[in-house]
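Since the structure comes first, as structure tokens, the remarks are kept for the end.
Read-outs throughout are calculated quantities, based only on the coordinates presented, and are distinct from any laboratory measurement. Everything numeric here is computed off the predicted structure, so don't read it as measured data. Every residue, glycine as well, gets a Cβ built from its backbone with ideal geometry; the counts of neighbours run over all protein chains shown.
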């Protein structure tokens, strides 16, 4: 199968996934109890007039049958219109657009950090003396099992309150990014480096590694130039898990470090039953997920030439 | 007198920690001069590979190497730093492992793999390296080097891959070349080509160490042979001396274990080789009635590139009851597909197969299920056909249950009877496949095939993955079982020596067609087809290797 055919199949599959995500979230929205018109008008406390409620019900097609609402929602969606936030009184795309930058920076930095740390730890500790392996893998288990808000708190206490190396939260630039990015990355490193090290240790037993050593290659080069490429394949496959962890983790981390971002928006929207925004974030997350998996698929064929030809 | 290239005195290698260390190599001494080829021969686990690796300082994690002297070109390497080793490996000592598919990095191009020693040990520019790699590919006999340069190992045939692996080992023009089982995964004629290539590489100023379980392989290129057993050298001498006047019983058994046309009707695995020759097996009675009749069978497949290929092309033959038909051919000759059609695992596009006068295609369902029990298949790699969680008794018990018997105690009795048939003791019945040796696994596979009391066994490369000495035991077992149970065999192998040893009749297949057929003695003494003559020439028989 050619790469192009592979990609187009995946794209079609991705469209199907997006449609599924959109439909499911719409269904969830539809069956959620509570009068949507009241929420739009600011909740029961706002005491809106009956006319206002009737007006809203008409504007938002709330009295129409399910299928009409669904089709309306979908035609809007196809035009790139995610609807309007009940609370913020602005298009959902704008609301998310304002917040997506900081989150992307945070998630991207955390992903890069996690990758570098994972590779470094796995490459340096694979097949080393038992006590070192036991120590490192113990730390990894703790990191993987600890909720990220505890990791975040610990980092804050040590580096902000005690050592006063970085500010507690907020602000622009790179310095305030350090602790949140590490918080997100460390939880990932805990699980990823265990997977990568186990793979590396299997690969380092392979005959071609002996061949490479018998050519006079130094140990580190053998690990990086030969073994790592083989070992990283299963880790690439875990990128779906990584993405989910990054998106989920950013909600907590952004709140903890009082950062701007989609996570904060998601949280406040859920509190305020601002369902169009929640729906928009879910859809965009799904889209990111599809795109990342597509990229991973292409990466896979680049790393392993056998995938394409066989 | 100049110092030998390799000088080893009192070499011992241990694995594990002090208290529970196992000694894999014990007090070994040997020398290799420039221009000389020494062969280390022994079965798996005899310590020969570890010995080879100790010469490049790569015995691995958890190993302890002790020696009175371990010298390369007059320099003692015992206290060499990692850097000294690295500058020697690949530059002055080349190392070729078996099975090039796993010994080359499959994620890198052939060109990158061969060029790596040059990158490490020379100051050549990228362009000069490319030129050198192309020259190396030409030198090891790889056609279209420019095309191969950019390909990946899995895109090359087994023979070409092995050549590429050798090219990478000799890239930096080493003075000493180690080849660990260089031909084990290869067809006979390819293996013979690789051996010839190694021979041409052995220049007057270089030395070579060849490691193999197969005496007939090393007979072709070795000047001297050292026979290893349980980590010790039990016999060492010139190739002529070891092959024609072996002193140690183990050497004698290794020589006797090599199947060949001259070993027919003789036991291969006897401890005392002379007694073995004195006990010839009688030719099997031939009732004349054919058990298997195959008529004009053809089969084609559509490949990954959507081109239809005829894999079996108008094949006809018959097998007499109680006889062994050997089918020999190289990979891709259609012999395995023919076997699958015989066992009805594959339907032919045209033609017919009948067993015991019942044709697969026209059989009633009841006849079919009877035929299925009557025809059993044994494969090369039984490990992949066993459930790894099952014990031996459960693996065989399942087959017993499938053959229609019932009560638990009857089944248990039949399982132990079958284990006895394949010469396995009750102590093996609770083991899992992974805990068995290759030979034991193959015995379990045979026991499982016998559970249904078949009349025909289709044996598809049943001994190809085994050491020569283990192969000898399994071949002997098959011969005994044939007599005891009155079985008919269709025996498929790429190894002409094995085929000639075990068969009464031989089919030679090439590109899906039968190019030669006849009684084994006729085919061996008067081959009519050029292809058969080529196979016979490639057959390693050490009676003539050094004559």
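Over the Cα atoms of the stretch B:177-224, Rg to Rh with Kirkwood Rh, two decimal places? Computed over Cα atoms, the ratio is 0.93. The packing ranking, built from the mean of other Cβ atoms within 10 Å per residue, places the peptides B:160-166, B:204-210 in the order B:160-166, B:204-210, highest first. Using a Gaussian network model of chain A in which every pair of alpha carbons under 10 angstrom is joined by a spring, one finds that among A:221, A:269, A:258 the greatest mean-square fluctuation is at A:221. Size descriptors for the stretch A:181-236, from the alpha-carbon set: Rg then Dmax equal 13.2, 42 Å. Cα centroid separation, the stretch B:60-99 to the stretch A:33-95: 77 Å. Per-residue shielding of B:84-97, expressed as the average number of other chain Cβ atoms within 10 Å of the residue Cβ, stands at 3. Across A:179, A:192, A:27, mean-square fluctuation computed from a Gaussian network of chain A (C-alpha pairs under 10 Å connected) peaks at A:27. Dividing the radius of gyration of the alpha carbons in chain B by their Kirkwood radius gives 0.99 for Rg/Rh. For the stretch B:127-239, the spherically averaged projection of the C-alpha convex hull amounts to 8.0 nm². Its Cα gyration tensor gives the stretch A:217-310 an equivalent ellipsoid, and the semi-axes of that ellipsoid, as √(5λ) in whole Å with the largest first, are 37, 18, 7.
Entry note: the stretch B:69-128 has Rg to Rh equal to 1.05, where both radii use alpha-carbon atoms and Rh is the Kirkwood radius. The mean count of C-beta atoms from other chains within 10 Å of the C-beta of residues in B:99-106, rounded to a whole number, is 5.
Extents of the stretch B:411-535, largest first, come to 51, 27, 23 Å (Cα atoms, principal axes, whole angstrom). The alpha carbon gyration tensor of the stretch B:412-464 gives principal lengths a ≥ b ≥ c with a/c of 1.5 or higher and a/b no greater than b/c, which makes the shape oblate. Note on chain A: the alpha carbon radius of gyration divided by the globular reference 2.2 N^0.38 Å gives 1.23. Both numbers refer to the Cα atoms of the stretch A:3-78; Rg and Dmax are 17.6, 60 Å.
Between A:297, A:59, A:202, the Gaussian network model of chain A with springs among Cα atoms under 10 angstrom shows the greatest mean-square fluctuation at A:59. Considered as an equivalent ellipsoid built on the Cα gyration tensor, the stretch A:48-205 has semi-axes of 47, 22, 14 Å, the largest given first. Taking the average, over residues, of other Cβ atoms within 10 Å as the packing measure, peptides B:416-426, B:451-461 rank B:451-461, B:416-426 from highest down. Which percent of the Cα-Cα distances in the stretch A:41-136 go past 17 Å? For the stretch A:41-136, the fraction of Cα-Cα distances above 17 Å is 73 percent. Viscosity 1.002 mPa s, temperature 20 °C: give me the Stokes-Einstein translational D for the protein assembly as shown in µm²/s, with Rh taken as the Kirkwood radius over C-alpha pairs. The diffusion coefficient I find is 66 µm²/s.
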